[in-house]
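Presented below is the structure to which this report refers.
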Amino acid sequence: MLCLLVCYMTWAAPGAAAEELRTIKTRDLNTHYEFKGYATREAWEAWAEYLRRHILVSTGLWPLPERCELRPEIFGRIEREGYSVEKVYFYSYPGFLVTGNLYRPLGKTGPFPAVITPHGHWGTGRLAHEELGSVPGRCINLARQGYVVFSYDMVGYNDSKPVSHGFGGQREALWGQSLMGLQLWNSFRAMDFILSLPEVDPARVGCTGESGGGTQTFMLMGVEPRLTAAVPAVMVSAYMQGGCLCENSPNLRVDTFNTEIAALMAPRPLLLISATGDWTSHTPEEEYPDVRSVYALYNAEAKTECAHIDAPHNYNLASREAMYAFFGRWLLGETDADALKEQPFEPETNDALLVFADRELPEDAWTAAELTQHLIEASEAQLEAHRPKDARSLKAFREVYGSALAHSLNLLPAERMATHEVDQVVLTIEPYYIERFTLAGADADLRIPATLVAPVEPKAKTPTVVIAGDSPRDGLLDETGHAPGALVRALVDSGRQVLLIDPFLVGENQLASDSDRRPEEKFFDVYNRSDLALRVRDIVAALLYAPSRAGGGAISLVGQGEAGLWCLLASGAGVKVQAVAADMAGFDATSDDAYLKRLYTPQLRRAGDLRTAAALWAPSRLLIHNTGPAASAEFASDAYKAADTPRRLRAQAEPASLDQIVDWITEG
């Protein structure tokens, strides 16, 4: 029997799972993505709800920031035949400006429909006027047709100063700050601004933009219910997702892509403009039918169209006229496209349109560093405002920050994380039953080496303890390497069974060499889970699997070494467990540097980091030990008090002994 055990332990030695990991196909902005399709409206709406929250978390806008006073300045009015144009700036954050031009109809009676229009990556931004695209041209013609139009700068373009179009970095990403997030918030505030104008009809508001402005358009479509109709131009593609920092917020497209995001507009009117000469060349036969299939779930196919233009990447005359006709139908009630053909126009000079051509930037305008600090402080203030005080506020905290933590770690809904056993090897070694297998999921990279150790004759409803460590088979073997270790023996001898797993890049999940690591190309964390997110996902998958082996028995969780931090974060999945014992590995939970070096995943600090993670385990029994020098369980303590279970939380600076862990798990 000893020989059997030795043979068993050498099966799938560390590094043997590297073949699985080497087959991981990292995603990027040029991956060709396929639309999964949804059989029912209920199935789509469940995923759409997930996606909307994911967009907000990924762009640092969950919970939504406080809307400061806009304090709009509108000046420099010029009147032309059928329209006027003015310079505008207002505040999206207290020291961060949105800048642009406001075009209004002349000689018509309101209330008017409105259009907000972000621009693409033209060299001159919203001032661009050339054959392939004229931003002033579409604004002038829309205003003449009877719309109030606001054309606004991308961050760092033209009047948008002093924050550059290169804003962001890993520290900013930890706090949910990104260039894409800034621009999406500016679009929210552009909606606030246009709807603040008394002549605007709030039931008729459209958005349109091209290229990078097309990305801004469909991002807003997904999360802004006040938007009535939309026309994203040359950017809804399954072949290229956007090549600029302003189109790639960390975590955003880990499990989705632009076509799905665009489909969030359903069932509101949507026109996709595509071109034969860019990455939208397949739209009529691929992306558009996919989006239309979602509209079909609402019996709203008539509300979506595709205009395919024979041209390179553009927002040219033909594209603009397709947009005029579509908006005319849904926002003006005009079905005669010929009545909405583009009329000759003459753009104003740049100085006549630039907001700060002849005036200074306001003294209270922030630098990038000041903006970053404000957003961090505002994030901390929001977390403090959600600190649980009673059962009601604890429920609200779970809704807001539980989902924030889950999305920061890219934890999918439970039904999308189902696993099954493969490659099983069973041994019965008195007094233990030992089974080795791999937990496999639908995703190619979900392969979790697992070991189940149980009494040879387990009772019905056997409690199960999931253990994750940060070293090979941590806690499984004794010093001889031939038998379960002391912690496992103690737990099994108490009448429990133990499920040990090797999370991503641990134990048998280690790579054969560093050359096998996933290549971290440009925007890697926009399309791929971080190492931390994969590790937490593996732990959650094991927790979701454990009940199938427990027969109704309680589930507990133990994290050894660095894996204690990963186990604590698994609370974001909302899986119910009886008890948790998590080693904090001396982690300084107040240090950005510590998170960047040891516990990095985008948006984690914005989601409340380890404070949220610990609080979410309430009312499960939670032991956190080996805490760092600046660690505090105060936030979690308030959550446990709110759950009326204060004694179910214990925090200690020193590492817990084996007996303390066993007693904590087996108590009660």
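The values are calculated or read from the model by the stated rules, or taken from the named source; none is laboratory data. Computed from a prediction, not measured in an experiment: that's the story for all the values here. Cβ atoms come from the backbone with ideal geometry, glycine included; neighbour counts cover every protein chain shown.
Table for the structure above
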quantity: Residue within the range 647-661 that is buried (at least 23 other Cβ atoms within 10 Å of the Cβ) and farther than 27 Å from Lys461 by Cβ present; calculated: no
quantity: Complete set of residues in the range 428-476 that are of a type in the set (A, V, I, L, M), at pLDDT below 80 and farther than 20 Å from Leu557 by Cα; calculated: Ile429, Ala442, Ala444
quantity: In the range 330-346, the residues that are out of contact with any helix residue (DSSP H, G or I) (no Cβ under 7 Å at 6 or more places or on another chain) and surrounded by 19 or more Cβ atoms within 10 Å (Cβ to Cβ); calculated: Trp330, Leu331
quantity: Any hit, the range 177-184, residues being in contact with a strand residue (DSSP E or B) (Cβ under 8 Å, 6 or more places away or on another chain) and either buried (at least 24 other Cβ atoms within 10 Å of the Cβ) or small (Gly, Ala, Ser) (or both); calculated: yes
quantity: Criterion (part of a strand (DSSP E or B), at pLDDT 95 or above and over 30 Å from Ala300 (Cβ atoms)) met by exactly one of Glu86, Glu69; calculated: Glu86
quantity: Count of the range 578-588 residues which are surrounded by fewer than 24 Cβ atoms within 10 Å (Cβ to Cβ) and in contact with a helix residue (DSSP H, G or I) (Cβ under 7 Å, 6 or more places away or on another chain); calculated: 4
quantity: The range 498-509 - residue that is modelled with pLDDT under 90 and within 27 Å of the chain's Cα centre (by Cα) and, of those, nearest to Val466 (Cα to Cα); calculated: Val506
quantity: Matching entry among Gly166, Gly156, Gly146 (being in contact with a strand residue (DSSP E or B) (Cβ under 6 Å, 6 or more places away or on another chain) and either assigned by TED's automatic domain parsing to the domain that holds Arg189 or surrounded by fewer than 24 Cβ atoms within 10 Å (Cβ to Cβ) (or both)); calculated: Gly146
quantity: Residue check, Pro250 buried (at least 24 other Cβ atoms within 10 Å of the Cβ), out of contact with any Leu (no Cβ under 7 Å at 6 or more places or on another chain) and in contact (Cβ under 8 Å) with a residue 12 or more places away in the chain; calculated: yes
quantity: Tally, over the range 300-316, of residues that are buried (at least 18 other Cβ atoms within 10 Å of the Cβ) and in contact with an Asp or Glu (Cβ under 8 Å, 6 or more places away or on another chain); calculated: 4
quantity: Among the residues listed as Arg529, Arg517, the single one being free of Cβ contacts under 8 Å to residues at least 12 places away in the same chain and not assigned by TED's automatic domain parsing to the domain that holds Thr256; calculated: Arg517
quantity: Residue in the range 205-212 that is of a type in the set (D, E, K, R) and buried (at least 21 other Cβ atoms within 10 Å of the Cβ) present; calculated: yes
quantity: Selected residue [on the phi < 0 side of the Ramachandran plot and either at pLDDT below 95 or buried (at least 16 other Cβ atoms within 10 Å of the Cβ) (or both)] from Leu297, Leu361; calculated: Leu297
quantity: Residue identified as of a type in the set (A, V, I, L, M) and closer than 18 Å to Ile448 by Cα among Ala581, Ala541; calculated: Ala541
quantity: Count of residues meeting criterion [free of Cβ contacts under 8 Å to residues at least 12 places away in the same chain and in a helix (DSSP H, G or I)] in the range 359-376; calculated: 2
quantity: Gly120 crowded, with 18+ Cβ neighbours inside 10 Å, in contact with a strand residue (DSSP E or B) (Cβ under 7 Å, 6 or more places away or on another chain) and of a type in the set (Gly, Ala, Ser); calculated: yes
quantity: All positions within the range 103-116 that are touching a residue at least 60 places away in the same chain (Cβ under 8 Å) and in a strand (DSSP E or B); calculated: Arg104, Phe112, Pro113, Ala114, Val115, Ile116
quantity: Criterion (at pLDDT 95 or above, of a type in the set (D, E, K, R) and over 18 Å from Ser379 (Cα atoms)) met by exactly one of Arg171, Arg189; calculated: Arg189
quantity: Of all residues making up the range 215-248, the number that are farther than 21 Å from Asp28 by Cα and touching a helix residue (DSSP H, G or I) at 6+ places or on another chain (Cβ under 8 Å); calculated: 13
quantity: Filter result (under 25 Å from Arg447 (Cα atoms), loosely packed, with under 15 Cβ neighbours inside 10 Å, at pLDDT 95 or above and not acidic (Asp, Glu)) within the range 1-55; calculated: His32
quantity: Residue under evaluation Ala39, criteria (1) free of Cβ contacts under 8 Å to residues at least 40 places away in the same chain; (2) under 16 Å from Phe356 (Cα atoms), criterion not met; calculated: (2)
quantity: Candidates Leu622, Leu616, Leu604, Leu557 - the one that is touching a helix residue (DSSP H, G or I) at 6+ places or on another chain (Cβ under 6 Å) and either without any contact (Cβ under 8 Å) to a residue 12 or more places away in the chain or farther than 25 Å from Arg171 by Cβ (or both); calculated: Leu557
quantity: Selection status of Pro225, part of a loop (DSSP other than H, G, I, E, B), surrounded by fewer than 24 Cβ atoms within 10 Å (Cβ to Cβ) and either at negative phi or acidic (Asp, Glu) (or both); calculated: yes
quantity: Any hit, the range 337-353, residues being touching a Phe, Trp or Tyr at 6+ places or on another chain (Cβ under 9 Å) and within 30 Å of Ala607 (Cα to Cα); calculated: no
